[in-house]
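Here's the structure we're looking at; comments come further down.
The values are calculated or read from the model by the stated rules, or taken from the named source; none is laboratory data. Everything quoted here is computed from the prediction, not taken from an experiment. Here the Cβ positions follow ideal geometry from the backbone for every residue, glycine too, while neighbour counts run over all protein chains shown. Surface accessibility is based on the protein's heavy atoms, side chains included, excluding ligands, DNA and RNA. Shrake-Rupley method; radii C 1.70, N 1.55, O 1.52, S 1.80 Å.
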Amino acid sequence: MSWSVEGTSEDEVFARIGEMKSQDARWDEGKTFSLVYPTGREDVDRVLKRASDLYLYENALNPIRFPSLRLMEADIVGMTGELVHLPADGGGTLSSGGSESILMSVLVNRDRARAERGIERGNIVYAESAHAAFAKAAHYLELEARPVPLAEGFVADVDAMSDAVDDRTVLMVGSAYGYPHGVMDPIEELSTIALDRGIGFHSDTCIGAFVLPFLERLGYEVPLYDFRLPGVTEMSCDVHKYGYNIKGTSVILHRKSEWIGYQYFLYNQWPSGLYGTPTVAGARPAAPIASAWAVMNYLGVEGYLELMRTLMATTKKIREGIEAIGPLKIMGNPIGPLLTFTSDEVDPYAVCDLMDDRGWNLDRNTNPNGLHMMISPIHARYADEFLTDLAWATRNCGESRGLEARYN
Ligand SMILES: Cc1ncc(COP(=O)(O)O)c(C=O)c1O
């Protein structure tokens, strides 16, 4: 499409957007199991929209011009820190998402190791199930990435991780819980190794930070994963996942607030005075900050607990439904609302092809092949329909159509 010279009528603009958007995933109809985390609640959606609408034009780059944003950021970091037991002398900042939080953590650990241990070119050690953002951060920051094969149950292999650490390791990583299988790495054992060897340890709770604390409060057995473990130095906590905010907010937390100094970029060698940012972005959208503050305060701890009750009841129903479909089996021991399943009898990708035909968006896992789903509160309304279609797809699938057929 070429850019119109005279402009386009408002009706026409929105008609065209509607046309393009008709191809998008139907997350609001409960068909999508990743990328979006809908509560399915009109009141929550309204709060998000009202707060975002108030801050469409503001710029979070300058906290002096927009002190309300600075106050809201501090509150969001404070509330998140409280959830994961950040010590009183710890601190953190907002970022645009999990990947940026992870990038900032790797940067801080690289530069801290450089300053404190004289390591010029370090490495980071993580299990193969760690989010790809760690490999990306290592790539950007010119660190050697050391992915370690998983142990049984798709969890980090403590001995193999320990063996991968050497004098130039600047950071070890554990996922609580991980994206590929929803299982908890043994954070306590891994972070103890890091503590004993004087290495930073990142507990990646991009998904877990707004799940695990509420599961604990509801009486679920949850292994320790946060700053209660003395070896944990950093945590990434995404408000735009199970914090139910719109996209654009994560919190990166450091055990010691002084380490944030390694995160900041400060510069005054240009004609516009002092320029400083805590993350990669310069100009930053204000709407996700306002909506994060709004939704966290609107729901409160009780609101998150209520959503978690629905979420876990739905997860249980879906898990039992999958297990009841003979050839399918759950992979590992997922702890929260994330399930992956596979099969020795049918091709999971062939099942997925048929589910695609019925409009369901499941993600395809590899090694071994499986199907991946992140459950959200909205799925409570659609679990029965999903399980009926999954049983049908499992019974009727033949061979997978392959990648080409899928994207043509
Ligand atoms: C465990 C984990 N870490 C990090 C990330 C990266 O987060 P983002 O996509 O917000 O950059 C994700 C995303 O799903 C994740 O699940």
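A few points about this structure:
- Scope the stretch 209-251; condition among the small types (Gly, Ala, Ser), more than 21 Å from residue 47 (Cα to Cα) and either in contact with a Gly (Cβ under 7 Å, 6 or more places away or on another chain) or assigned to a loop (DSSP other than H, G, I, E, B) (or both); matching residues: 219, 231, 236
- Number of the condition not met by residue 216 [criteria: (1) farther than 26 Å from residue 107 by Cβ; (2) more than 20 Å from the chain's Cα centre (by Cα)]: (2)
- Here the stretch 85-104 is the region considered, the condition is being of a type outside the set (Ser, Thr, Tyr) and within 14 Å of the ligand (Cβ to nearest atom), and the residue that is nearest to residue 248 (Cα to Cα) is 97.
- The single residue among 166, 159 that is acidic (Asp, Glu), surrounded by fewer than 15 Cβ atoms within 10 Å (Cβ to Cβ) and in contact (Cβ under 8 Å) with a residue 12 or more places away in the chain turns out to be 166.
- Of the listed requirements (1) in a loop (DSSP other than H, G, I, E, B); (2) in contact (Cβ under 8 Å) with a residue 40 or more places away in the chain, residue 64 misses just one: (2).
- Top-ranked residue in the stretch 114-155 [being closer than 29 Å to residue 342 by Cα and among the charged types (D, E, K, R); ranked as least open to solvent (accessible area, probe 1.4 Å)]: 146
- Scope the stretch 49-71; condition under 27 Å from residue 227 (Cα atoms) and open to solvent by less than 20 Å² (accessible area, probe 1.4 Å); matching residues: 69
- Checking each residue in the stretch 194-208 for being under 19 Å from residue 260 (Cα atoms) and not in a loop (DSSP other than H, G, I, E, B) picks out 200, 201, 202, 203, 204.
- Verdict on residue 208 being out of contact with any helix residue (DSSP H, G or I) (no Cβ under 7 Å at 6 or more places or on another chain), within 30 Å of residue 284 (Cα to Cα), crowded, with 24+ Cβ neighbours inside 10 Å and among the small types (Gly, Ala, Ser): yes
- Filter result for the condition that a residue is under 24 Å from residue 367 (Cβ atoms), within 15 Å of the ligand (Cβ to nearest atom), crowded, with 24+ Cβ neighbours inside 10 Å and within 17 Å of the chain's Cα centre (by Cα), over 183, 173, 239, 251: 173
- Filter result for residue 77 (of a type outside the set (Gly, Ala, Ser) and open to solvent by less than 10 Å² (accessible area, probe 1.4 Å)): no
- Set 391, 380: member being open to solvent by 20 Å² or more (accessible area, probe 1.4 Å), among the small types (Gly, Ala, Ser) and within 28 Å of residue 176 (Cα to Cα): 380
- Pairs are defined by a Cβ separation below 9 Å, a sequence spacing of at least 6 or placement on different chains, a first member in the stretch 119-140 that is closer than 21 Å to residue 367 by Cβ and of a type in the set (S, T, N, Q), and a second member that is within 14 Å of the ligand (Cβ to nearest atom) and not in a strand (DSSP E or B); the pairs so defined are 129/154; 129/155; 129/178; 129/179; 129/180; 129/181; 129/183; 129/185.
- Residues being without any contact (Cβ under 8 Å) to a residue 60 or more places away in the chain and either within 16 Å of the ligand (Cβ to nearest atom) or assigned to a loop (DSSP other than H, G, I, E, B) (or both) are represented in the stretch 258-265 by at least one member.
- Residue check for residue 108: of a type in the set (A, V, I, L, M), in contact with a Lys or Arg (Cβ under 9 Å, 6 or more places away or on another chain) and either more than 16 Å from the ligand (Cβ to nearest atom) or in contact (Cβ under 8 Å) with a residue 60 or more places away in the chain (or both): no
- The numbered conditions (1) more than 16 Å from the chain's Cα centre (by Cα); (2) open to solvent by less than 30 Å² (accessible area, probe 1.4 Å); (3) not small (Gly, Ala, Ser) are all true for residue 84 except (1).
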